[in-house]
Amino acid sequence: MATTLAKAAESVEFAARLEHVSKSFAGPGGQQLVLDDISIDVAPGEFVTLLGASGCGKSTLLNLVAGLDRPTAGSIATDGRPALMFQEHALFPWLTAGKNIELALRLRGVPKTDRRAKAEELLGLVRLRGAYGKRVHELSGGMRQRVALARALAQESNLLLMDEPFAALDAITRDVLHDELTRIWAETGVSVLFVTHNVREAVRLAQRVVLLSSRPGRIAREWTVGIPQPRRIEDAPVAELSLEITDVLRGEIRRHGQH
Ligand SMILES: Nc1ncnc2c1ncn2[C@@H]1O[C@H](COP(=O)(O)OP(=O)(O)OP(=O)(O)O)[C@@H](O)[C@H]1O
Ligand SMILES: [Mg+2]
């Protein structure tokens, strides 16, 4: 009992904790420092966007949190194993939408008899009821990302890591998926660490925006976003804060360009 209580207390402290994380890669001119001294906490249930210019190390950082690679220095802890969602849906094309989700359920150890109902429920959550038997090529880009989201949610992780998951979608579909993600986040209480180079998307979604500088990627600034949800991307407060962040981002890019 004491252990359970201790564990519960421990598990509510953070969904992810990055402490002084650095990452270097071997390059032609020696070691290239990509990420430098990154410390971020994602609280349980928090929605954080990580914003930065292309090549600043966002995907590298997310891969480290996912455990796909190891930091050169510093430490990373997560509350359980995170679920991942990328720009490319990475669904198995030979499986139906439903079977793609069931695969994730099977890996989580959900008994075979329960998988179908659970997959249907998850498809309902992403508003794709009826798509269970559809093959990947029969789905639009937006629908594929919905299935990918359902599959990520099937893992019932406390932390969802998203790497520009809507970047390849048209603006209207992206807008709808922002609404869906915000709703699902509120309904499930999952913590989200969402990577994007789109300032408005970052502000539309997050409770907190963390801006990374480039070469090396360092935390340049953070903003707490107090605008009530659901927001719209064209809301005046969203546009206003986006402008402020864009100015800082431009400054970072200029500063970096002068090196
Ligand atoms: N495995 C690797 N080996 C060597 N260099 C790498 C490796 N992975 C990433 N890099 C380098 O690290 C830097 C950051 O790359 P990363 O993909 O993390 O950027 P990003 O912020 O996600 O960019 P984008 O917005 O374009 O997706 C780049 O200069 C890249 O070339
Ligand atoms: Mg990337």
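Descriptive notes on the structure:
- Pairs with Cβ under 6 Å, 6+ apart, first in the stretch 207-223 and in a strand (DSSP E or B) and basic (Lys, Arg), second crowded, with 22+ Cβ neighbours inside 10 Å and at pLDDT 95 or above: Arg208/Val48; Arg221/Leu211
- Residue within the stretch 79-98 that is aliphatic (A, V, I, L, M), on the phi < 0 side of the Ramachandran plot, more than 16 Å from ligand 1 (Cβ to nearest atom) and within 20 Å of the chain's Cα centre (by Cα) present: yes
- Residue within the stretch 160-167 that is assigned to a loop (DSSP other than H, G, I, E, B), modelled with pLDDT under 95, surrounded by fewer than 19 Cβ atoms within 10 Å (Cβ to Cβ) and not small (Gly, Ala, Ser) present: no
- Extreme residue, nearest to ligand 2 (Cβ to nearest atom), among residues of the stretch 36-82 that are touching a Gly at 6+ places or on another chain (Cβ under 8 Å) and farther than 29 Å from Thr188 by Cβ: Cys56
- Among all positions in the stretch 8-28, there is no residue which is within 13 Å of ligand 2 (Cβ to nearest atom) and at pLDDT 95 or above.
For every residue, the table says whether it meets (1) assigned by TED's automatic domain parsing to the domain that holds Ala104; (2) in contact with an Asp or Glu (Cβ under 8 Å, 6 or more places away or on another chain).
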site: Glu121; (1), (2): yes, no
site: Arg129; (1), (2): yes, yes
site: Tyr132; (1), (2): yes, yes
site: Arg144; (1), (2): yes, no
site: Ala152; (1), (2): yes, no
site: Phe166; (1), (2): no, yes
site: Glu180; (1), (2): no, no
site: Trp185; (1), (2): no, no
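- Residues of the stretch 121-154 satisfying the condition of being surrounded by fewer than 17 Cβ atoms within 10 Å (Cβ to Cβ), farther than 22 Å from Ala167 by Cα and out of contact with any Ser or Thr (no Cβ under 8 Å at 6 or more places or on another chain): Glu121, Gly124, Arg129, Gly130
- Test: residue in the stretch 193-216 that is within 14 Å of ligand 2 (Cβ to nearest atom), crowded, with 18+ Cβ neighbours inside 10 Å and more than 23 Å from Ala83 (Cβ to Cβ): yes
- Matching residues in the stretch 217-231 - criterion: being among the charged types (D, E, K, R) and surrounded by 13 or more Cβ atoms within 10 Å (Cβ to Cβ): Arg218, Arg221, Arg231
- Residue list for the stretch 30-78, filter: of a type in the set (Ser, Thr, Tyr), touching a helix residue (DSSP H, G or I) at 6+ places or on another chain (Cβ under 7 Å) and more than 15 Å from ligand 1 (Cβ to nearest atom): Thr78
- Residue match in the stretch 22-29 (condition: near ligand 1 (Cβ under 10 Å from one of its atoms) and surrounded by 14 or more Cβ atoms within 10 Å (Cβ to Cβ)): yes
The values are calculated or read from the model by the stated rules, or taken from the named source; none is laboratory data. From a predicted model like this one, the values you see are computed outputs, not experimental measurements. Every residue, glycine among them, receives a Cβ derived from its backbone with ideal geometry; neighbour counts consider all protein chains shown.
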